[in-house]
Each structure stands twice: as structure tokens, then as C-alpha cells.
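Peer 1: Below is the structure I would like to discuss, written out as C-alpha cells.
Laboratory data are not the source of any read-out in this text; all were calculated from the coordinates shown. No experiment lies behind these values; they were computed from the predicted model shown. Cβ placement follows ideal geometry from the backbone for every residue including glycine, while neighbour counts extend to all protein chains displayed.
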Amino acid sequence: MSVDPNRIIIFDTTLRDGEQSAGAAMTVAEKLRVALLLEDMQVDVIEAGFPISSAGDFEAVSQIAAQIKQTTVCALSRAVAKDIERAGEAVRGAVRPRIHTFIGTSPLHRKHITNMDQAQMLETIRSSVTLARSLCDDVEWSAMDATRTEREFLARAVETAIAAGATTVNIPDTVGYAIPDEFGALITYLRAQVPNMDRAVLSVHCQNDLGLATANSLAAVQAGARQVECTINGIGERAGNTSLEEVVMALKVRREHFHDHYCNVNTILLTKASRLVAAVSGMAVQSNKAIVGANAFAHESGIHQDGMLKNLQTFEIMRPEDVGLQQSRLVLGKLSGRHAFVDKLAALGYQLPDAQLEEAFQRFKALADKKKQVFDDDLIALIDDEIAQANHRLKFVSLTVACGSFGPQRAEMVVEVDGRTQHHIATGNGPVDAVFNAIRAVQPHEAKLLLYQVHAVTEGTDAQAEVSVRLEHEGRVFTGQSADVDTIVASARAYITALNKLLYTSERTVAAVA
């Protein structure tokens with residue numbers, strides 16, 4: 001039992017219940033990696049597996065038991081002698097071994113699984129816990145499907161388990177059926193009605209079928225439970241389990257709400273643990289997952305970004321550093337505001353005049369409407385393009401292209417030349433050729449196209465295309481670059497940029513001669 005009555009024992013079952021997630025099986029080596037990290041995190045109990053289920057699981061539990069030195073290593077068993085003995089054998093080498101035995105106590109389980117009446121079940125509880133206690137000083141007993149068990153019978157079962165030697169009794173919401181106030185009331189009832197409850201730690205294990213696992217677990221803590229069973233990333237059977245990172249951070253952030261209860265988990269390792277478990281289990285973490293999701297500390301809304309730039313506490317209730325991240329992320333997207341845009345440009349080393357900044361911001365918003373997320377490389381390409389086009393004689397206005405398997409392809413260009421809008425339609429051998437022909441018609445010149453090159457700035461089908469165009473005129477080479485999610489638009493802008501450089505150089509040469 002916990003020495004400090006305010007300390008909440010964190011029981012991690014990622015390697016046992018978490019592995020029961022469909023497709024989440026882990027190798028012995030992977031389980032050991034996770035277990036060693038859980039020990040570094042100062043998790044109190046690691047439920048390493050279900051030894052009777054397979055030779056591989058027995059091997060995993062045995063290896064973990066042999067290598068973990070600070071944390072209790074627990075093995076699960078049914079209320080069957082051979083299960084209990086196998087579990088005892090698996091954790092025999094542990095510095096702090098525990099056997100965890102369970103039986104379904106609800107009317108449904110008694111009728112359809114164990115085929116026992118209440119008297120037979122109480123005797124099975126007594127004998128199974130007694131056997132486990134003869135093999136190990138630390139024994140946990142669980143009433144599977146406790147939340148659908150008659151309260152009076154559940155209290156008798158708990159009392160029986162404690163009398164037989166259980167040092168921890170666990171009340172699972174096995175099918176995720178409970179509601180927080182209802183579950184908290186059940187814990188209060190058991191504490192009041194079980195006469196020997198003070199001789200064992202009261203634990204809870206909540207499934208997430210209704211999305212209430214963490215809420216139910218925290219309600220139980222408020223009602224007097226002192227051990228919470230949970231998993232990294234909330235993985236587990238069906239909809240998963242109580243999320244370890246959510247419980248731990250709720251206790252940390254809202255400690256005063258939980259009457260100063262706390263846990264010993266090193267929260268700085270939460271993100272590392274999340275990523276490791278996701279990698280070895282193959283269970284990806286949803287982006288909006290609390291605490292460890294990719295968006296947990298990401299801000300895209302302009303209002304939120306403005307607040308974050310002024311004071312981080314305006315929109316964050318915990319520091320990203322507390323869970324092992326370096327900093328929050330201001331994600332630039334269509335909801336981002338000018339403040340965040342300017343701040344990001346400054347971080348990238350750009351300072352633009354007001355007029356140019358306004359045009360760049362409008363181009364950014366147009367880009368953000370086309371892309372789900374605007375990355376730093378996208379911004380760099382956009383701003384470089386904006387700088388290149390500033391004060392040029394030719395300015396891109398609009399472009400419409402008709403292309404397909406039947407030619408010729410057709411481009412309709414609108415370009416501003418020396419402040420006057422010009423419109424031209426041209427055809428070509430492909431859409432890019434048609435666009436370049438239209439630009440030549442608007443601004444005739446004798447330059448030769450030396451290079452036309454396209455590459456993606458970032459990944460994905462919505463990535464910007466960065467186009468490079470190289471023109472040669474009278475022995476001199478002029479290069480233009482542009483980026484856009486539309487490759488043809490980027491091509492037009494790049495060609496116009498190169499042409500502007502050519503025109504600027506030609507004008508300076510003429511002026512010098514004159």
C-alpha cells in the first residue's frame with residue numbers, strides 16, 4: 001500500500017491490455033524497450049503480460065521481471081490454479097513481483113462465462129487469492145465487469161479477496177459502461193461498506209467505450225481510489241483504456257482540484273513514451289489526442305496565435321516542455337492571422353516593407369486556402385518569389401489554361417505591364433508552352449529558354465511546385481523562380497520573374513550607354 005495517502009499509484013498495462021488492441025502485438029524485445037522506458041518514467045507498476053496465454057508472453061514477462069529493478073512487475077492470471085502458478089513463475093525473478101488474478105463477477109459473467117452462483121464465486125475468489133498469496137506477497141484481485149455487478153455482492157467479493165490476502169483490489173469498468181458520477185459513487189459505496197477496505201489499495205481500471213475512461217478514473221480518485229490502471233496513448237481492447245498521460249497531467253495541472261493528490265511519473269518522458277508505443281504497436285496517435293497528439297500544442301487560429309505570441313498562458317494550460325516537447329507550434333494555415341505571419345517571417349529572417357508585406361500576406365492566405373498546412377519551406381519560396389517580383393515592370397495578374405489529351409493547349413494570360421493591364425490568348429504544345437507563348441505576346445523579346453525545371457517544395461499531393469526558368473539573351477543568363485500549388489501558375493510567375501530581370505538589365509544598359 002502507498003506510504004503517502006496523497007500519492008496515486010500509476011499501474012501501466014500497455015504491455016498487457018494495450019497489446020490486446022487489434023493488430024498491436026509486440027515482440028519480446030519491443031516489450032522490454034517499453035518496460036525500461038516505463039521504469040525511467042517512474043511508473044509504479046508495470047503489468048508485463050498474461051503468461052499463460054503464450055510461450056512468448058511468458059518469456060516477455062520473465063525478461064522484464066529480470067531486468068526491471070525499481071518498478072513492480074505484474075503478471076495477469078485468471079482465477080485458475082495453472083494460470084496463477086504460471087504467473088508466479090514468470091515474475092519470480094522480479095525485485096518487486098506481483099500476481100494479478102481476476103474473475104467476472106457480474107450476473108452476465110456468472111451465467112455465461114463461469115457458470116457459477118454467488119457462493120461458488122466467493123469460494124473461487126478465496127481459493128485463487130490464497131494460492132496467489134502463497135506464491136507472492138503482493139497480490140492484486142480484480143472484479144471483472146464490476147460496474148454491472150450487484151453492489152452488495154461486489155462488496156462481499158471485495159471483502160473476501162482482501163480477507164484471503166489481496167493487497168490491492170481493482171474495480172474495473174470492463175465494458176466502458178459507467179458514467180463518472182455513478183462510478184465515483186460506486187467507489188464511495190465500497191469504501192463505506194467493505195469492513196476491511198483499509199487493508200488494501202483500492203484500484204480502478206476503466207475502458208473507453210463511451211469515451212469516459214479518463215473521466216471515470218479521475219472521478220474514482222476523487223472518491224478515494226488510490227491506484228489508476230492505464231495505458232500509454234490509451235491503447236487497449238476495443239476503444240482502449242484510460243490514457244496514462246491524461247491522468248498524469250490532470251493530476252499535475254489540476255492538483256488543487258484533487259485535494260493535493262499526485263503521482264511520481266516523470267512527465268517529461270510522456271511524449272517519448274507515446275512515440276515509442278506508437279512505433280512498436282503500430283497504433284498511430286490521432287493528431288488531436290490530448291497531451292501527446294501532434295496538434296496538442298499546435299495553434300492555427302489567428303486569434304489563438306495572437307494570444308500565444310502575447311502570453312503563452314492565454315491558450316495553453318500546461319507547458320509543452322512538461323511533456324517532453326521543446327515548444328508550442330504556431331501552424332500557419334487559412335485561419336492564421338497577420339501577427340503570426342509576421343512573427344514567422346521574422347523567425348525565418350525576413351522583414352518586408354508594409355506594402356510588400358500586405359501583398360505577401362494575401363498570397364499566403366490564398367496559398368493556405370489551397371493547402372492544409374503551410375510549411376516553412378512554402379513560406380520561404382513564397383517570400384522569395386514576392387521579393388523577386390516587387391517593383392518589376394511585369395506583374396502576374398491571372399491565368400486560365402485549357403489542357404488535356406487533345407491539343408493544342410490554350411492559355412489565357414492577364415499581365416500588368418508598366419501599370420497597364422494586358423490580356424492575351426495563346427496556344428502551344430502543352431500548357432506550359434502555351435503560357436510562355438502568351439507572355440511573349442504580351443512582352444515581345446528575343447531571349448532563349450535554357451532551362452525549365454520543376455520540383456515539389458514539400459510532400460503530399462497538395463505540395464507547392466517550385467519552378468525554375470532560365471533565359472539567355474545576348475550572352476547573359478537570367479533566372480526566375482516561383483512556387484505555387486498550381487504548377488502552371490508557378491511556371492508563369494517564374495518566367496515573368498526571369499523576364500523582369502532581363503528587362504531591368506537591358507534598361508540599365510541602355511541608360512548607361514545614353
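Peer 1: Can you list the residues, at least 5 places off or on another chain, whose amide H is less than 5 Å from the amide H of residue 79, using H built in the peptide plane?
Peer 2: Here 102 satisfy the definition.
Peer 1: Continuing with the same structure: What residues from the stretch 96-129 fall in the zone where the backbone N is under 14 Å from a label point 7 Å along the Cα-to-C-beta line of residue 81?
Peer 2: 124, 127-129
Peer 1: Another question about this same structure. List every residue whose amide H lies under 5 Å from the amide H of residue 173, counting only residues 5 or more places away in sequence or on a different chain, with H placed 1.01 Å from N in the peptide plane.
Peer 2: Counting only residues 5 or more places away or on other chains, the set is 205, 206, 207.
Peer 1: Using the Cα gyration tensor of the stretch 234-296, with a ≥ b ≥ c the square roots of its eigenvalues, what is the shape: rounded (a/c below 1.5), prolate (a/b larger than b/c) or oblate (neither)?
Peer 2: Prolate is the answer for the stretch 234-296, as a/c is 1.5 or above and a/b outweighs b/c.
Peer 1: Tell me, Kirkwood radius of the stretch 392-513 from alpha-carbon pair distances, in Å? Mind showing how you got there, number by number?
Peer 2: Values: mean 1/r = 0.0677 Å⁻¹.
Evaluated on the stretch 392-513, it is 14.8 Å.
Peer 1: Sticking with this one: Show me, for the stretch 52-57, the HN-Hα J-couplings you get by feeding each phi into the Karplus relation (A = 6.51, B = -1.76, C = 1.60, θ = phi - 60°), rounded to Hz, glycine and proline as x.
Peer 2: Running phi through 6.51 cos²θ - 1.76 cosθ + 1.60 with θ = phi - 60° gives 6, 6, 6, 5, x, 5 Hz.
Peer 1: Under a plain spin-label model, where a point goes 7 Å from the Cα along Cα-to-Cβ, how far apart in nm are residue 338 and residue 358?
Peer 2: For the pair residue 338/residue 358, the computed spacing is 0.8 nm.
Peer 1: Amide H to amide H under 5 Å from residue 422: which residues, 5+ apart in sequence or cross-chain, H placed 1.01 Å off N in plane?
Peer 2: Amide H neighbours of residue 422, under 5 Å, 5+ apart: 415, 416, 417.
Peer 1: Using θ = phi - 60° and the Karplus relation 6.51 cos²θ - 1.76 cosθ + 1.60, list the HN-Hα couplings for the stretch 413-424 in order, rounded to whole Hz, with x at every Gly or Pro.
Peer 2: Coupling constants for the stretch 413-424: 10, 10, 10, 9, 10, 6, x, 10, 7, 10, 10, 8 Hz.
Peer 1: How high is the FRET efficiency between residue 486 and residue 393 when r is their beta carbon distance and R₀ equals 22 Å, given to the nearest 0.05?
Peer 2: Numbers: r = 24 Å, r/R0 = 1.07.
Calculated transfer efficiency: 0.40.
Peer 1: Would you please give the FRET efficiency between residue 108 and residue 369, computed as 1/(1 + (r/R0)^6) with r the Cβ-Cβ distance and R0 = 51 Å, to the nearest 0.05?
Peer 2: According to the calculation, E is roughly 0.45.
Peer 1: Taking R0 as 22 Å, what's the FRET efficiency between residue 137 and residue 163 from their Cβ-Cβ distance, rounded to 0.05?
Peer 2: Working: r = 16 Å, r/R0 = 0.73.
So the FRET efficiency works out to roughly 0.85.
Peer 1: Tell me, what HN-Hα J-couplings in whole Hz come from the Karplus equation 6.51 cos²θ - 1.76 cosθ + 1.60 at θ = phi - 60° for each residue of the stretch 264-275, using x for Gly and Pro?
Peer 2: Running phi through 6.51 cos²θ - 1.76 cosθ + 1.60 with θ = phi - 60° gives 8, 4, 7, 5, 4, 8, 4, 5, 4, 5, 4, 5 Hz.
Peer 1: Now a separate question. What order, most packed first, do the peptides 434-440, 12-18, 180-186 have when packing is the mean number of other Cβ atoms within 10 Å of each residue?
Peer 2: In decreasing order of mean packing, 434-440, 12-18, 180-186 become 12-18, 434-440, 180-186.
Peer 1: For the stretch 185-237, just list the percent of Cα-Cα distances falling in each 5 Å bin from zero outward, please.
Peer 2: 5, 19, 29, 22, 13, 8, 4, 0
Peer 1: For residue 196 and residue 119 in the same chain, what is the full-extension length gain: residue separation times 0.36 nm, less their Cα-Cα distance, in nm?
Peer 2: 25.8 nm
Peer 1: With respect to the cross-link table entries 69/289; 448/501; 289/365, which display a Cα-Cα separation exceeding 23 Å? Present the calculation step by step, with values, prior to reporting the outcome.
Peer 2: Details: 69/289 32 Å; 448/501 14 Å; 289/365 27 Å.
With Cα atoms farther than 23 Å apart: 69/289; 289/365.
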